[in-house]
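Take a look at this one; I'll ask things after.
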Amino acid sequence: MNEVMLIKPESPPPGYYEEIVKLAEHLESIVKKEDPYRSSVMALSYGEIENETGINEVSDILGMNLYFGWYYEKLETFGEFLDGYHSRHPGRPIIISEYGAGSDERVHTNNPVAFDFSTEFQQVYHESTFRQIKERDYILGSAVWNQFDFGSNHRQDTKPLINQKGLYYFNRSPKDISYFYKAHLLKGPVLHIASRDWKYRTVNHDDNNQQILIYSNLDSVTLFLNDSIVGIKEITNCSARFSVNLKDGINILKAAGKKDNITFEDIAEINNKIITVKDGNIAINCGAHYDFIDESFIVWKEDQSYKAKNWGFPGGEKIRTHHRILETDEEPLYQSALIGVQQYKFDVPDGNYLVQLCLAEIQYDYAGERTFNIYVNDIPVFINLDLANEYGKYIAVNRTTNIFSENNEGITIRFEPVKGSPIINGIKIQRIR
């Protein structure tokens with residue numbers, strides 16, 4: 001009712017909530033008059049479930065739209081909240097009428113956090129939330145929001161105008177997380193290597209450890225990598241995780257398990273690129289804790305602090321927005337940024353390079369609040385750059401310059417503040433052979 005019939009005003013007038021309760025009671029009376037034997041259900045959001053209006057007592061069954069660990073609170077407090085409500089209202093029938101988290105197949109990380117729209121956080125979210133629902137037999141049922149990604153005009157996030165909470169993509173192709181529910185709910189055998197959504201990976205040569213996730217309702221699963229056994233794990237909560245070191249290039253994964261003496265297998269492929277600074281081809285998602293895969297399958301790596309004979313930034317602050325970025329379809333690249341950065345260093349070998357700088361003003365609304373200069377190996381690329389003034393807020397800006405590095409100087413991108421703190425959203429270094 002709250003989303004279909006009513007939109008709550010920003011400042012509800014006196015008596016607003018009392019009128020809403022009266023309306024709900026009126027609708028309830030119509031339901032009982034039409035069919036006195038049918039149970040009624042009304043869904044309420046987190047802050048409405050135990051307010052003083054009494055609206056949570058109107059229908060026969062209470063539907064709870066809850067997003068613990070996504071919009072508020074923490075994942076592990078979801079069950080605590082349910083137990084607390086049940087202890088205070090032990091006879092009240094409950095369903096979880098909505099829960100979910102959004103994902104973008106272009107966004108990946110080994111360290112997922114809420115609202116980063118990584119595939120990995122959506123997986124963690126559902127694994128935790130559905131487990132906590134199943135552990136509580138007083139919950140009559142639950143409904144994931146949503147089966148499919150769908151159009152939503154007010155959405156910003158990494159895919160503007162799309163609600164990304166689906167178990168399937170907008171084009172109806174399955175996300176890996178859909179197999180988690182198949183494993184839980186189907187009677188037949190399910191075995192799925194949940195790496196289809198992260199097929200293209202780029203890893204630093206000194207940090208090649210990768211997580212491989214399996215969804216299955218078999219008792220145990222054996223994982224093979226490039227025809228060599230990785231290990232055997234029992235299935236818990238219809239999932240199992242393995243740590244592997246992928247080789248450079250194409251990696252073939254095979255999962256195998258048995259049920260009723262019948263062997264089931266699943267095979268998946270990962271294209272992994274191991275990079276070093278000596279390669280001279282590096283793309284960085286500045287200020288981000290996640291990788292972004294663009295339409296050319298170039299992986300813009302999560303940011304890192306500078307280390308000798310490597311790359312990174314020696315200082316600066318990471319910031320992020322969920323606002324739509326114009327003049328690009330690569331929102332996840334421009335929604336994160338480093339501010340206050342003084343320089344970004346790449347200890348690349350001598351040679352000829354293309355240096356691409358990606359920028360967007362995601363903090364200030366007006367001209368004159370941030371002005372700075374950018375130099376690449378002391379060659380000026382931007383002078384007195386005021387993004388808000390020259391382009392506007394939330395506008396993607398790109399500039400590529402040619403640099404010849406010699407005498408083992410590498411590439412140093414220097415940021416010089418004129419007013420406020422400099423900002424950078426992405427950097428790509430490409431060696432010209």
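Which whole-number percentage describes the relative contact order of the chain, with Cα contacts under 8 Å and a sequence gap of 6 or more?
Answer for the chain is 10 percent.
With charges only on Cβ, +1 for K and R and -1 for D and E, what is the dipole size of the stretch 367-433 about its Cα centre, in debye, rounded to 20?
280 debye
Given axes a ≥ b ≥ c from the Cα gyration tensor, I'd like to know whether the stretch 79-134 is rounded (a/c under 1.5), prolate (a/b larger than b/c) or oblate.
Taking the square roots of the gyration eigenvalues as a ≥ b ≥ c, the stretch 79-134 is prolate.
Can you give the FRET efficiency for D60 and I383, using 1/(1 + (r/R0)^6), R0 = 60 Å, r = Cβ-Cβ distance, to the nearest 0.05?
So, using R0 = 60 Å, E works out to roughly 0.30.
Given a Förster distance of 35 Å, report the FRET efficiency between H323 and K199 from their Cβ-Cβ distance, rounded to the nearest 0.05.
0.75
Now for a separate question. For the stretch 204-219, what does the Karplus curve 6.51 cos²θ - 1.76 cosθ + 1.60, with θ = phi - 60°, yield as ³J(HN,Hα) per residue in whole Hz, taken in order and with x for Gly and Pro?
Values, residue by residue: 5, 4, 9, 8, 9, 6, 10, 9, 10, 10, 10, 10, 6, 10, 7, 6 Hz.
Once you charge only the Cβ atoms, +1 for Lys and Arg and -1 for Asp and Glu, what is the size of the charge dipole of the chain about its Cα centre, to the nearest 20 debye?
With only Lys, Arg, Asp and Glu charged at Cβ, the dipole is about 980 debye.
Just going by the charge dipole of the chain, with Lys and Arg at +1 and Asp and Glu at -1 on Cβ, which of F292, F382, N208 is farthest out on the positive end?
N208
So, counting K/R as plus one and D/E as minus one, what does the shell of residues with Cβ under 13 Å around A388 add up to?
So the surrounding residues net to -2.
Based on the Cα coordinates of the stretch 142-194, what is the per residue volume of their convex hull in Å³?
85 Å³
In Å and from the alpha-carbon atoms only, list the Rg and Dmax of the stretch 179-246.
13.0, 43
Further question: Taking the Cα centre of the chain as the origin and placing charges on Cβ (Lys, Arg +1; Asp, Glu -1), which of A43, I432, H86 is farthest toward the positive end of the dipole?
So the residue furthest toward the plus end is I432.
Ok, one more. Search the structure for amide H atoms under 5 Å from the amide H of L326, placed 1.01 Å from N in the peptide plane, and list their residues when 5 or more places away or on another chain.
HN-HN under 5 Å from L326: I395, A396.
Can I ask one more? Assign one of three labels to the stretch 312-422, namely rounded, prolate or oblate, based on the Cα gyration tensor with a ≥ b ≥ c the square roots of its eigenvalues; rounded applies when a/c is under 1.5, prolate when it is not and a/b is larger than b/c, and oblate otherwise.
Prolate, since a/c reaches 1.5 and a/b exceeds b/c.
Please figure out what share of the DSSP beta bridges in the stretch 65-203 is antiparallel and state it in percent, rounded to the nearest 5.
If I count the DSSP bridges inside the stretch 65-203, around 35 percent turn out antiparallel.
Which entries in K8/K165; K74/K301; K182/K318; K254/K345; K175/K301; K134/K165 show an alpha-carbon gap greater than 31 Å?
With Cα atoms farther than 31 Å apart: K182/K318; K254/K345.
What fraction, in whole percent, of alpha-carbon pairs in the stretch 221-318 exceed 20 Å separation?
56 percent
Using a Cα-Cα cut-off of under 18 Å, which lysines could be cross-linked to K33, ignoring same-chain neighbours fewer than 8 residues away?
Counting by Cα, and skipping residues close in sequence, K33 has these lysines nearby: K22.
I've got another one for you. Through the Karplus equation 6.51 cos²θ - 1.76 cosθ + 1.60, θ set to phi - 60°, convert the phi angles of the stretch 168-176 into ³J(HN,Hα) values in whole Hz; use x for Gly and Pro.
Coupling constants for the stretch 168-176: 10, 6, 4, 8, 6, 7, x, 7, 4 Hz.
What size of dipole, in debye to the nearest 20, comes out for the stretch 212-344 about its Cα centre when the only charges are +1 on Lys and Arg C-beta atoms and -1 on Asp and Glu C-beta atoms? Working shown, then result.
Values: 14 positive and 19 negative charges, 114 e Å.
Here the size comes out at about 540 debye.
Another question about this same structure. Find how many whole Å separate the alpha carbon centroid of the stretch 54-114 from the alpha carbon centroid of the stretch 402-433.
If you average the Cα positions of each part, the centres end up 46 Å apart.
Also, quick follow-up: Report, in order of residue number, the helices in the chain meeting two criteria: a C-alpha extent of 15 Å or more along the helix axis, and a mean Kyte-Doolittle hydropathy of at least -1.0; treat each whole DSSP H run as one helix.
16-34, 78-88
Still on this model: Show me the GluC sites (Glu not before Pro) within the stretch 37-109 that DSSP assigns to loop and that have at most 11 other Cβ atoms within 10 Å of their Cβ.
Answer in residue order: E52.
So for the stretch 131-257, taking the charge dipole from beta-carbon charges (+1 Lys/Arg, -1 Asp/Glu), which of G151, A240, Q132 sits furthest toward the positive end?
Checked the options; the winner is G151.
If you plug each phi of the stretch 417-428 into the Karplus form 6.51 cos²θ - 1.76 cosθ + 1.60 with θ = phi - 60°, what whole-Hz ³J(HN,Hα) values come out, in order, with x for Gly and Pro?
Karplus values, whole Hz, x for Gly and Pro: x, 9, 8, x, 10, x, 9, 8, 9, x, 9, 10.
Along the three principal axes, how long is the chain when you take its alpha carbons, biggest first, rounded to the nearest angstrom?
85, 66, 34
Over the Cα atoms, compute the radius of gyration (one decimal) and Dmax (the largest Cα-Cα distance, rounded to a whole number) for the stretch 36-137, in Å.
15.4, 52
May I ask you to sort I362, I214 by Cβ crowding, counting other Cβ atoms within 10 Å and putting the fewest first?
The order, fewest Cβ neighbours first, is I362, I214.
The numbers here are math on the coordinates, done by the rules we state, and not lab data. Given the structure is predicted, the values throughout are model-derived calculations rather than measurements. Quick reminder, even Gly has a Cβ in these numbers, built from the backbone with ideal geometry, and neighbours come from all protein chains shown.
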